[in-house]
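Here's the structure we're looking at; comments come further down.
The values are calculated or read from the model by the stated rules, or taken from the named source; none is laboratory data. Bear in mind that the values here come from a model prediction, so they are computed numbers and not experimental data. Ideal geometry is used to build each Cβ from the backbone, glycine not excepted, and the neighbour counts take in all protein chains shown. Just so you know, the surface numbers come from the protein's heavy atoms only, side chains and all, with ligands and any DNA or RNA stripped out. Shrake-Rupley method; radii C 1.70, N 1.55, O 1.52, S 1.80 Å.
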Amino acid sequence: MRRLPANFLLGAVLVSLVVGVAALSLIWTPHDPQTMSISTKFAPPSAEHWLGTDQLGRDVVAQLMAAARNSMTVALVAVLLGGSIGVALGLLASALGGWVEDGVMRLADLGFAFPALLFAIMLAAVFGPSLTNAVLAISFINIPIFARVTRASANQIWTRDYVAAARAAGRGRFAISRDHILPNIAAAIIVQATIEFAVAILAEAALSYLGLGAQPPASSWGRMLSEAQTLMYLAPQLAIYPGLCIVVAVLGFGLLGDGLRDITDPRLARAR
Amino acid sequence: MAYFLFRRTLGFVLTLLAVSVVVFAVMNVLPGDPALTILGMDASEDALAALREQLGLNAPLVTRYVSWVWNALQGDFGISHSFRVPVSELISERLPMTISLAVAGMLVTLVLALSLGITAAAQHGRAGDWGVMFLSQLGIAVPAFWLSILLVMLFAVKLRWLPPGGFAGWDDPVAALRSLILPTVALALVQSAVLARVTRSSALEVMRQDFVRTARASGLSHRRILWRHVLPNALVPIVTIVGMQFAALVTGTIVIENVFYLPGLGRLIFQSIANRDLPTVQALVMLFAAIVVTANFVVDLLYVVIDPRLKARA
Amino acid sequence: MIELSNLSVHFGHAAALRDANLVIERGDRLGVVGESGSGKTLLALCLMGMAPDSARLTGQLSIDGQDMARAAERDWQRLRSRWVAMVFQEPMAALNPLRRVGDTVIEPMLLHDGLTRRAARDRALSLFEEVGIPDPDRRLRQFPHEMSGGQRQRVLIALALACNPMLLIADEPTTALDANVALRITDLLQRLAREREMALVFISHDLAAVARATEDIVVMYAGDMVERGRTAAVLGAPVHPYTKGLLGARPDVGVAGRNADGKRRRLPTIPGSVPPLQGLPEGCRFAGRCPVELPQCATQRPAFTQTEVARGAACHLLTEARHD
Ligand SMILES: Nc1ncnc2c1ncn2[C@@H]1O[C@H](COP(=O)(O)OP(=O)(O)OP(=O)(O)O)[C@@H](O)[C@H]1O
Ligand code: SF4
Ligand SMILES: [Mg+2]
């Protein structure tokens, strides 16, 4: 058994930590994250409030935990939604080739002209800012990314002998895509999904910070930071914790993705 | 060569057109009635009708699209609904701010990323390499706006060396530059994290090539080989990433302007969203997307400048 | 001028070069032959101070009286170009693709000889003429991809000559080139060495080319120098079984080293191939493949035996013959 790469191990530890905390928040948080108590605002860390309280007396740990859950949910939905559309488009492009492939790839190019923030801005201008719009915007930018990765990997598999054999046996392009292509490119897609998960967490935080994502009273690391920014003379510590949480989560998924790629594609690992 | 230029330019123009269609569609078709979006549910029917008339909403969609593009090409983006001045005026007032920030950010990014990346490659497998790789891994995970807040807390709140935000204009150049330092650093640090990695791996790739051995055999120093021979050859992938990063940089300026309260286009976008000023948002989104597309177009052309082999093929 | 005594190179515990002894004087032309993996390139790299980082050098390597076996990279940088220069095998990738070849060639002149750009350009022009590049003025401004393989190899030779080195090493300079061009490059190297009174180390698989270009020869096998002498003498009357094997595989030495289909033939038609360094016998490294192996061969290392002036080989047969 080969030793697992260090980035994979560290990434796995960090991801388990974040996901574990997010899961735990479903059943337990030290306090209710939304309960305000003006009498205990800006409380320092104590046995009661491990990291103290914010300007409205809300427990910081409870908020961070609830925010972790929101962050994971947003990233999961965005990557699943954008990813599955992208993978479907990529498979389609690869299976049909010709003008369909060209068309899909041109569309993907077009998608790259819109960073998530621009898309979120348009949606917010039209529908008003909301977490749903943020999720849609992040999903949208995932489509071209997954479409490209899928098409590139799928095109390689289409040249394999067993695919040729399946075609000779009269199987249709879609059946082959489902039974032969998809299972063989799953690893590449999972690697990409892990990395995009990290990107999505970062995007959600930025959008929420800018007011285009999570709206009060929903907890979000990004929103906590934008509130903390106005209080940095009074309570600078409030601007530290949410940022650290973002870094841990993004770093975790990023390392995990790199590690997974090293494991599934040793050729690439050596080249780096 | 001419054919290459023609094809690339055609592709560029078509992409811009497609982008404008997307922007127009999202901003005009999705909302159903933009006038209602702008004025809100409780607007009177008269006010709505007046606004529709003013925005030209009564014309068919295609006509509206064509006239939007046609006018935009002549620098006319309509009238801002909230500021009640031409959008083009708003843009030209704030463009210098955004451009200064983007250019400064890009320059600092290039200097930082290239030197860190090349150093790491030269130190391949040793402490310096690990250090740079660790920092860049971290840098990729740090959100620019959080880094900004930390920088402000340290350099503005605690040490009081630099202003925490705002921009008083170029009348006092020293003050202006001082208020740009933190935003630039925040923008550049995060950007250079990605670029330093690309520079490193690209340089490592080049260092394996035969001509590096030739250079060494001619008695050139490591330093000279790295900067004069390896770096130029490593540039092609670096330039690709720089082009792609331009999108991130543009997004970055929008964020950073909002963190530091800088009166640029990024701030204008958010004011316009808050004011439901659809024509302004539409113009700005189009402008930003056009910048991203243009950056990628320029990168395509740059390849040819960097690599004489491509000139021959193109 | 350049002297190796008992120079060995180890990778871990394996010796890739064993007790190499060599003296190179101004004007010497030395051929180095041997199968793949026999350590020819490694020897050349040692002379350039460019052995891989993982290599451990022992013994002496003196250039101009200085021992360089364990010298720092900085000290080597001063010797390269002015004392030792090298032309590598693959001319396609050996030039910086983004630079005009003229800029590549003048770079060491500016650096080592402190020439002005103008003076360096003039020298480059005459070098290009010397190595037979027509229309040098225009060629100086070209990029590598605009030149043929033979032209590029000439550019590399010009680059190697940029600072008038005492020794030019050519490591299989013609393998990547087609037959006629290869022949002309070989002759060029030979002529340059004679006219400039420069030493030449010519590494090749092509015994015909070695016969044409050199006066002395060293035959290498698995890191050992197994036979040496005047080129004509060694190739004409080899004493070491390995050399005989090399030549036996090549009855057409001195004619044209080519198969019927016009492709150059590679040396190893001795049955088997060089075993990996770790799998070599303790005694004579050729033991196991040698057709006339003696009982002691596998365990006892044959000493290098001088048979005539400047002629000898490392093989038990030579000492056996004396005992008889
Ligand atoms: N970096 C290295 N690490 C370990 N072993 C090495 C290294 N470089 C060279 N060697 C070993 O040194 C020996 C000599 O290799 P060298 O390249 O000098 O052979 P050569 O005679 O030039 O062969 P060819 O004709 O194929 O060019 C080989 O056995 C090789 O395995
Ligand atoms: S020493 Fe023995 S094995 Fe080696 S070449 Fe001579 S005869 Fe052959
Ligand atoms: Mg070799």
Given a 1.4 Å probe and no ligands, DNA or RNA in the count, how much accessible surface is buried by A and B, both sides, to the nearest 100 Å²?
-> 3700 Å²
Might you work out the accessible area of residue B:171 for me, using a 1.4 Å probe with all protein chains in place, and round it to the nearest 10 Å²?
-> 150 Å²
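If one computes P(r) from the Cα atoms of chain C, what percent of pairs lie at distances over 31 Å? Numbers along the way, then the final one.
Values: 17108 of 52326 pairs.
Looking at chain C, the distances longer than 31 Å represent 33 percent of pairs.
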What total accessible area, in Å², is buried where chains B and C meet, using a 1.4 Å probe and rounding to the nearest 100?
-> 2200 Å²
What's the carbon and sulfur percent of region C:1-84's accessible surface, probe 1.4 angstrom, rounded to a whole number?
-> 45 percent
Round to the nearest 10 and give me the degree value, 0 to 90, for the angle of helix A:182-209's Cα axis relative to the longest principal axis of chain A.
-> 30 degrees
For region A:113-127 and region C:207-248, what is the separation of their C-alpha centers, rounded to whole Å?
-> 76 Å
Shape call, the protein assembly as shown: gyration tensor on alpha carbons, a/c limit 1.5 | prolate
Dividing the alpha-carbon radius of gyration of region C:267-322 by 2.2 N^0.38 Å (N being the number of residues), what value is obtained?
-> 1.21
Mind grabbing the accessible area of residue A:65 for me, 1.4 Å probe, Å², rounded to tens?
-> 20 Å²
So what's the angle, to the nearest 10 degrees on a 0 to 90 scale, between helix B:127-141 and the longest Cα principal axis of chain B?
-> 10 degrees
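Mind checking the mean number of beta-carbon atoms from other chains within 10 Å of the Cβ atoms in A:239-247?
Details: counts 5, 4, 0, 3, 7, 2, 0, 5, 8.
Per-residue shielding by partner chains comes out at 4.
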Rg and Dmax of chain A over Cα atoms: what are they, in angstrom?
-> 21.8, 76
Residue-normalised value, i.e. accessible area per residue, for region A:185-244 at 1.4 Å probe, in Å², stands at 31 Å²
Most to least accessible of B:261, A:233, B:303, A:162 (protein chains only, probe 1.4 Å) = A:233, B:261, A:162, B:303
Ordered by number, the residues of region B:211-227 that have at least 20 Å² less accessible area in the complete protein assembly than on their own chain alone (1.4 Å probe) are B:211, B:213, B:214, B:216, B:217, B:218, B:219, B:220, B:221, B:222, B:224
Expected 222 nm ellipticity per residue - DSSP helices of 4 or more, -39500 (n - 2.57), all of chain B, to 500 = -25000 deg cm²/dmol
B:30, C:188, ranked by accessible area, largest first (probe 1.4 Å) = B:30, C:188
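With all pairs of different alpha carbon atoms counted, what Kirkwood hydrodynamic radius in Å does region C:10-143 show? Walk me through the intermediate numbers first.
Working: mean 1/r = 0.0577 Å⁻¹.
Across region C:10-143, the inverse of the average 1/r is 17.3 Å.
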Calculate the mean, over all residues of peptide B:247-256, of how many other protein chain Cβ atoms lie within 10 angstrom of the residue's Cβ.
-> 4
Just give the residues from region C:96-123 buried by at least 10 square angstrom of accessible area in the all-chains context relative to the isolated chain, probe 1.4 Å, and say none if nothing qualifies.
-> C:96, C:97, C:98, C:99, C:107, C:108, C:111, C:112
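Mind ranking C:10, B:222, C:205 by accessible surface for me, highest first, 1.4 Å probe?
Numbers: C:10 45, B:222 105, C:205 20 Å².
Solvent-accessible surface, decreasing: B:222, C:10, C:205.
Using the Kyte-Doolittle scale, find the helices of chain C whose mean hydropathy is at least -0.5 and whose Cα atoms extend 20 Å or more along the helix's long axis, counting only whole DSSP H runs.
Numbers: long enough: C:179-196 (26 Å, -0.19).
Span-like helices in chain C: C:179-196.
Rounded to whole Å and sorted largest first, what semi-axes of the equivalent ellipsoid does the C-alpha gyration tensor of region B:34-74 yield via the square root of 5 times each eigenvalue?
On the way: eigenvalues 109, 18, 13 Å².
For region B:34-74, the semi-axes come out at 23, 9, 8 Å.
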Taking a quarter of the surface of the Cα convex hull of region A:75-141, what do you get in nm²?
-> 4.5 nm²
Count, for each residue of C:209-221, the Cβ atoms from other chains sitting within 10 Å of its Cβ, then give me the mean as a whole number.
-> 0
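Compute, for the protein assembly as shown, the length of the dipole vector about the Cα centre, with Cβ point charges of +1 (Lys, Arg) and -1 (Asp, Glu) only. Units Debye, rounded to 20. Intermediate values should be presented prior to the final figure.
Numbers: 81 positive and 70 negative charges, 330 e Å.
Computed about the Cα centre, the dipole is about 1580 debye.
Run the numbers on chain B and let me know its relative contact order in percent, using alpha-carbon pairs under 8 Å that are six or more apart. Walk me through the numbers on the way to the answer.
Values: 330 pairs, mean separation 85.2, N = 314.
Relative contact order here is 27 percent.
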Give the share of C-alpha pairs in each 10 angstrom bin for region B:88-313, from 0 to the last occupied bin, in whole percents, shortest bins first.
-> 8, 28, 30, 22, 10, 2, 0
Rounded if a/c under 1.5, otherwise prolate or oblate - region C:175-232, Cα gyration tensor axes | oblate
1.4 Å probe, heavy atoms, protein only - residues of region A:116-157 losing at least 50 Å² accessible area vs chain alone | A:117, A:118, A:121, A:122, A:125, A:126
Three-way shape label, region B:104-224, alpha-carbon gyration tensor, a/c 1.5 = prolate
Under a Cβ-Cβ cut-off of 11 Å, what is the net charge of the residues other than residue C:284 that fall near it, where Lys and Arg count +1 and Asp and Glu count -1?
-> 0
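Just add up the charged neighbours of residue C:299: K/R +1, D/E -1, any other residue whose Cβ is under 13 Å from the Cβ of residue C:299.
On the way: positive: C:285, C:301; negative: C:282, C:293.
Summing Lys and Arg as +1 and Asp and Glu as -1 gives 0.
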In order over region A:213-220: 3J(HN,Hα) from phi, Karplus 6.51/-1.76/1.60, θ = phi - 60°, whole Hz, x for each Gly or Pro, gives x, 4, 9, x, x, 4, 8, 8
Keeping all protein chains in place, calculate the accessible area per residue for region C:2-214 (probe 1.4 angstrom), answer in Å².
-> 37 Å²
Summing +1 per Lys or Arg and -1 per Asp or Glu among the other residues with Cβ less than 9 Å from residue C:239's Cβ gives +1
Could you go through region B:51-63 in sequence order and give the Karplus-derived ³J(HN,Hα) for each residue, using 6.51 cos²θ - 1.76 cosθ + 1.60 with θ = phi - 60°, rounded to whole Hz, and x for Gly and Pro?
-> 5, 4, 4, 5, 7, x, 6, 7, 6, x, 3, 4, 4
Please calculate the 1.4 Å probe accessible area of residue C:308, with all protein chains present, and give it to the nearest 10 Å².
-> 110 Å²
